[in-house]
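Taking it in order: structure first as C-alpha cells, then the write-up.
The values are calculated or read from the model by the stated rules, or taken from the named source; none is laboratory data. From a predicted model like this one, the values you see are computed outputs, not experimental measurements. For neighbour counting, all protein chains shown are included, and Cβ atoms are generated from backbone atoms with ideal geometry for every residue, glycine included.
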Amino acid sequence: MGTELPNILLIQADQLQAQVLGCYGGNAQTPRIDALAASGAVFDNAYCNFPLCAPSRFSMLSGMLPSRIGAYDNGAEFPAQIPTFAHYLRLAGYRTCLSGKQHFVGPDMLHGFHERLTPELYPTDFAWTPSWTKPRMESNNDSSGVTRAGVCVRSVQMDHDEAALYGAKTQLHNFARDRSKPFLMVASFTHPHEPYYCQQQHWDRYRHDDIEMPSIGLRPADERLAHTQRMLEHHGLLDPALTPEHVRIARHAYLANVSYVDEMVGALMDTLADTGLADNTIVVITSDHGDMLGEHGMWFKKHFFDACLRVPLIICAPNHFASSRQAQNVSLVDLLPTLTEFAGLDANAHAPEALDGESLVGVCAGNTARDDATVFAEITSEGVSAPMFMVKRGDFKLLTGGGVPNALFNLASDAHEITDLAAVANMRPVRDQLAAIAAQRWDSEALTKSVIASQGRRRLVDTAHRDGQRVNWGIAPSEPLAPWLLRGEGLYNDWAWKGIDE
C-alpha cells in the first residue's frame with residue numbers, strides 16, 4: 001500500500017439479501033453496486049454473526065462474536081467500554097463519522113465516532129428486552145408485514161434514509177474541504193428492511209409477472225426443521241390469509257427498495273467523484289443480515305438459513321488490489337481488522353482481548369488463503385429457549401443448540417438447505433467435527449445463565465424507568481425528526497406503515 005492513508009467509506013444496508021443483487025446472480029437492478037463489484041473483491045460466502053440487527057452490528061463494529069460483548073438481542077446495551085473499529089481508526093489518525101442507523105442501545109450513541117449525523121430509528125433503552133419465557137414480543141413483526149406490502153408515496157424509513165444520505169453527502173464535501181486527515185464515513189441505510197413498501201418509480205423498474213417466487217415454499221409440517229416451525233409461529237407466518245400474490249407483491253417491493261438503496265450508493269459514489277475523493281477512498285458495501293423473502297415459507301430473519309444469514313460483502317480498493325471473486329468463508333467480524341490494516345494499524349497489537357475476526361486485505365490481494373476458514377453465528381434473542389449456534393466450515397453448515405435437534409447441510413449440493421444430513425450415517429464424522437468446534441467455541445450452559453440474568457436486569461430497569469418521564473438516550477433535544485419519525489416501543493406495524501398510501 002502507498003504511504004498516503006486511504007479514506008474509507010462503509011455503506012451498510014439493512015436486511016439486504018446478497019442473493020438478489022445483480023453481482024451475486026440475482027434479479028435486482030443494482031447497476032451502481034454491480035459497478036463497484038466489477039472493480040473490487042466480491043465475497044461469495046460472507047456471513048453475519050447473528051441474523052438480527054443490533055447484535056450483528058455490535059459484533060461487526062467490535063470484531064467479536066455477539067455473546068462475548070453481551071449483544072444478546074435488539075434490547076441489549078452496547079457497552080461504551082467495547083472498542084469499535086471507529087475507536088481504532090481514531091488511534092490511526094482518522095476522522096470518523098456515522099450517518100444513519102446502527103441500532104445502538106445505551107447512553108453511548110457514538111461508540112468511537114467523532115460525530116453522528118442522524119438519531120437512532122429504534123428504542124435506545126431496554127424497551128425491547130425479550131424474555132425466553134415468552135415465545136414472542138408484541139413489538140415483533142407478523143404476517144401483515146407481507147400482506148400489506150405494495151406501493152406508497154412516502155414512508156418513515158424513506159425519510160430516515162434520505163436524511164442519512166444528505167448527511168453523508170454533506171460530510172463528504174466537508175472532508176473534501178479539509179484533507180488534513182483521512183476519514184472513515186459509515187453511511188447506514190434502513191432499506192430494504194421491511195415494510196415491503198416502495199415508491200412507484202422503483203416499483204416500475206420491474207415487471208410484476210416476472211418477479212420470481214421463492215425457490216422453496218412452505219414445506220409440509222413433518223419436513224420442517226424444528227427451528228423453522230417455531231420461527232413460522234413466532235412471526236405469525238402460518239396465516240391462511242397470506243396468499244401467493246401477497247408473496248409476489250412483497251418480493252416485488254423488496255426488489256424495488258434494493259434498487260432504491262442502489263440509487264443512494266450511486267449518489268455517494270457521485271459525491272466522491274465530484275469532490276475528488278474517489279481515487280483515495282476505499283468503499284465497502286455490506287448489510288447486517290439478509291431476509292428469508294418467503295423461502296421455506298419464512299420472512300424476515302432469526303434463522304441460520306443462508307437467505308438471512310449470508311450478506312453481501314464488496315471491498316473496492318483499486319489502488320490496493322485487482323478485482324476478484326472470493327469463495328472463502330468470511331464474516332462481519334473480519335471487517336474491524338480489515339479496516340485497521342487499510343489504516344496502517346495492527347488491531348491485534350492494540351486489542352485488549354483477542355478479536356474473533358481476521359483481516360481480509362491479504363485475501364483481497366491474493367496473498368492469503370483461507371480455504372479452511374470457519375465462521376460462526378449465534379441466536380440468543382426472542383424466538384428461542386436457549387442459545388442456538390451455527391458453524392460453517394467449507395461447504396458444510398451445522399445448526400446446533402437452541403433446544404432443538406441438530407441440523408447439517410451441504411451447501412455445495414443443497415444450496416436451498418432442504419436435506420438435513422445430521423442423521424445420515426456417513427455424514428456423522430462431519431457432524432461430530434463441527435459439533436466439537438461449536439462445543440469448543442461456546443459454553444452453552446454458562447451463556448444460558450448470562451442471557452437469562454441479562455434479560456432480568458434489563459427488564460427490571462425498564463419497568464422502573466416507566467415510572468416518571470423516560471429518558472431517550474438516542475434523541476438530541478434539537479433533532480427535528482425525532483418526535484414522529486423514530487420507532488417507539490409499540491407494535492411494529494403501527495410504526496412501519498406510517499406512510500402515505502396512494
Query raised in the report: Only one of L52, L98 is of a type outside the set (F, W, Y) and closer than 21 Å to G167 by Cα; which?
Result: L98
Requested in this report: Spot the failing condition for E295; the list is (1) touching a Cys at 6+ places or on another chain (Cβ under 6 Å); (2) buried (at least 20 other Cβ atoms within 10 Å of the Cβ), and only one is missed.
Outcome: (1)
Query raised in the report: If we scan segment 64-74, do we find a residue that is closer than 30 Å to S324 by Cβ and either modelled with pLDDT under 95 or hydrophobic (A, V, I, L, M, F, W, C) (or both)?
Result: yes
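Would a scan of segment 78-97 turn up a residue that is free of Cβ contacts under 8 Å to residues at least 12 places away in the same chain and either touching a Phe, Trp or Tyr at 6+ places or on another chain (Cβ under 9 Å) or not charged (D, E, K, R) (or both)?
Restricting attention to segment 78-97, the residues satisfying the condition of being free of Cβ contacts under 8 Å to residues at least 12 places away in the same chain are 81.
Going one step further and asking which of them are either touching a Phe, Trp or Tyr at 6+ places or on another chain (Cβ under 9 Å) or not charged (D, E, K, R) (or both), we end up with 81.
Yes, segment 78-97 contains at least one residue that is free of Cβ contacts under 8 Å to residues at least 12 places away in the same chain and either touching a Phe, Trp or Tyr at 6+ places or on another chain (Cβ under 9 Å) or not charged (D, E, K, R) (or both).
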Report summary line: When segment 179-191 is checked residue by residue, the ones that are part of a strand (DSSP E or B) and more than 23 Å from V156 (Cα to Cα) are F183, L184, M185
**Report entry** Check on A351, modelled with pLDDT under 95, small (G, A, S) and more than 30 Å from P214 (Cβ to Cβ)
**Finding:** no
Query - Scope segment 192-207; condition in contact with a His (Cβ under 9 Å, 6 or more places away or on another chain) and either in a strand (DSSP E or B) or surrounded by 24 or more Cβ atoms within 10 Å (Cβ to Cβ) (or both); matching residues - result: Y196, C198
Report summary line: Taking segment 299-336 and the residues there that are crowded, with 24+ Cβ neighbours inside 10 Å, not hydrophobic (A, V, I, L, M, F, W, C) and not in a loop (DSSP other than H, G, I, E, B), the one that is nearest to the chain's Cα centre (by Cα) would be R310
Query raised in the report: For segment 451-502, what are the residues that are under 17 Å from S131 (Cβ atoms), crowded, with 16+ Cβ neighbours inside 10 Å and either of a type in the set (S, T, N, Q) or modelled with pLDDT under 65 (or both)?
Result: S454, Q455
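Out of P55, P31, P83, report the one residue that is closer than 20 Å to V186 by Cα and surrounded by fewer than 24 Cβ atoms within 10 Å (Cβ to Cβ).
P83
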Requested in this report: Kindly provide the set of residues from segment 1-28 that are surrounded by 24 or more Cβ atoms within 10 Å (Cβ to Cβ), assigned to a loop (DSSP other than H, G, I, E, B) and hydrophobic (A, V, I, L, M, F, W, C), ordered by number.
Outcome: L16, L21, A28
Requested in this report: Select, from M64, M60, the only residue that is part of a loop (DSSP other than H, G, I, E, B), in contact with a Leu (Cβ under 7 Å, 6 or more places away or on another chain) and at negative phi.
Outcome: M64
Requested in this report: List every residue pair whose Cβ atoms lie under 9 Å apart, where the two residues are 6 or more positions apart in sequence or sit on different chains, the first residue falls within segment 163-190 and is farther than 25 Å from T338 by Cβ, and the second residue, located anywhere, is of a type in the set (K, R) and at pLDDT 95 or above.
Outcome: D178/R95
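Scan segment 373-393 residue by residue and report those that are part of a loop (DSSP other than H, G, I, E, B), of a type in the set (G, A, S) and either surrounded by 24 or more Cβ atoms within 10 Å (Cβ to Cβ) or at pLDDT 95 or above (or both).
Narrowing segment 373-393 to residues part of a loop (DSSP other than H, G, I, E, B): 373, 380-387.
Filter once more, so that each one left must be of a type in the set (G, A, S): 373, 381, 383, 385-386.
S381, G383, A386, listed by residue number.
Of the residues D14, D34, which is without any contact (Cβ under 8 Å) to a residue 24 or more places away in the chain and within 27 Å of Q171 (Cα to Cα)?
On the way: D14 fails: without any contact (Cβ under 8 Å) to a residue 24 or more places away in the chain.
Result of the check over D14, D34: D34.
Kindly establish whether P130 is touching a residue at least 40 places away in the same chain (Cβ under 8 Å), touching a His at 6+ places or on another chain (Cβ under 9 Å) and within 21 Å of Q229 (Cβ to Cβ). Step through it out loud before you land on a result.
Working: touching a residue at least 40 places away in the same chain (Cβ under 8 Å): yes; touching a His at 6+ places or on another chain (Cβ under 9 Å): no; within 21 Å of Q229 (Cβ to Cβ): yes.
Criteria not met by P130.
For V361, are the conditions met, namely being buried (at least 20 other Cβ atoms within 10 Å of the Cβ), modelled with pLDDT of 95 or more, in contact with a Lys or Arg (Cβ under 6 Å, 6 or more places away or on another chain) and of a type in the set (A, V, I, L, M, F, W, C)?
Details: buried (at least 20 other Cβ atoms within 10 Å of the Cβ): yes; modelled with pLDDT of 95 or more: yes; in contact with a Lys or Arg (Cβ under 6 Å, 6 or more places away or on another chain): no; of a type in the set (A, V, I, L, M, F, W, C): yes.
The answer is no for V361.
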Report task. Working only within segment 86-131, note down all residues that are surrounded by fewer than 18 Cβ atoms within 10 Å (Cβ to Cβ) and either on the phi > 0 side of the Ramachandran plot or part of a loop (DSSP other than H, G, I, E, B) (or both). Result -> G93, G106, P107, D108, L110, H114, S131
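Output the residues belonging to segment 337-350 that are small (G, A, S) and under 24 Å from the mean Cα position of the chain (by Cα).
Step one: of segment 337-350, the residues small (G, A, S) are 343-344, 347, 349.
If the condition is that a residue be small (G, A, S) and under 24 Å from the mean Cα position of the chain (by Cα), then A343, A347 are the ones that fit.
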Query - Given (1) modelled with pLDDT under 95; (2) touching a strand residue (DSSP E or B) at 6+ places or on another chain (Cβ under 8 Å), number of the condition N141 does not satisfy - result: (2)
Query raised in the report: What number of residues in segment 59-75 are free of Cβ contacts under 8 Å to residues at least 60 places away in the same chain and under 15 Å from the mean Cα position of the chain (by Cα)?
Result: 1
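Of the residues that make up segment 240-258, is at least one buried (at least 17 other Cβ atoms within 10 Å of the Cβ), in a loop (DSSP other than H, G, I, E, B) and either touching a strand residue (DSSP E or B) at 6+ places or on another chain (Cβ under 8 Å) or not hydroxyl-bearing (S, T, Y) (or both)?
Step one: list which residues in segment 240-258 are buried (at least 17 other Cβ atoms within 10 Å of the Cβ), which gives 242, 246-258.
Those still in the list that are in a loop (DSSP other than H, G, I, E, B) too: 242.
Pick out the ones that are also either touching a strand residue (DSSP E or B) at 6+ places or on another chain (Cβ under 8 Å) or not hydroxyl-bearing (S, T, Y) (or both) and you get 242.
Yes: one or more hits.
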Report summary line: Those residues of segment 211-239 that are part of a helix (DSSP H, G or I) and without any contact (Cβ under 8 Å) to a residue 24 or more places away in the chain come to a total of 4
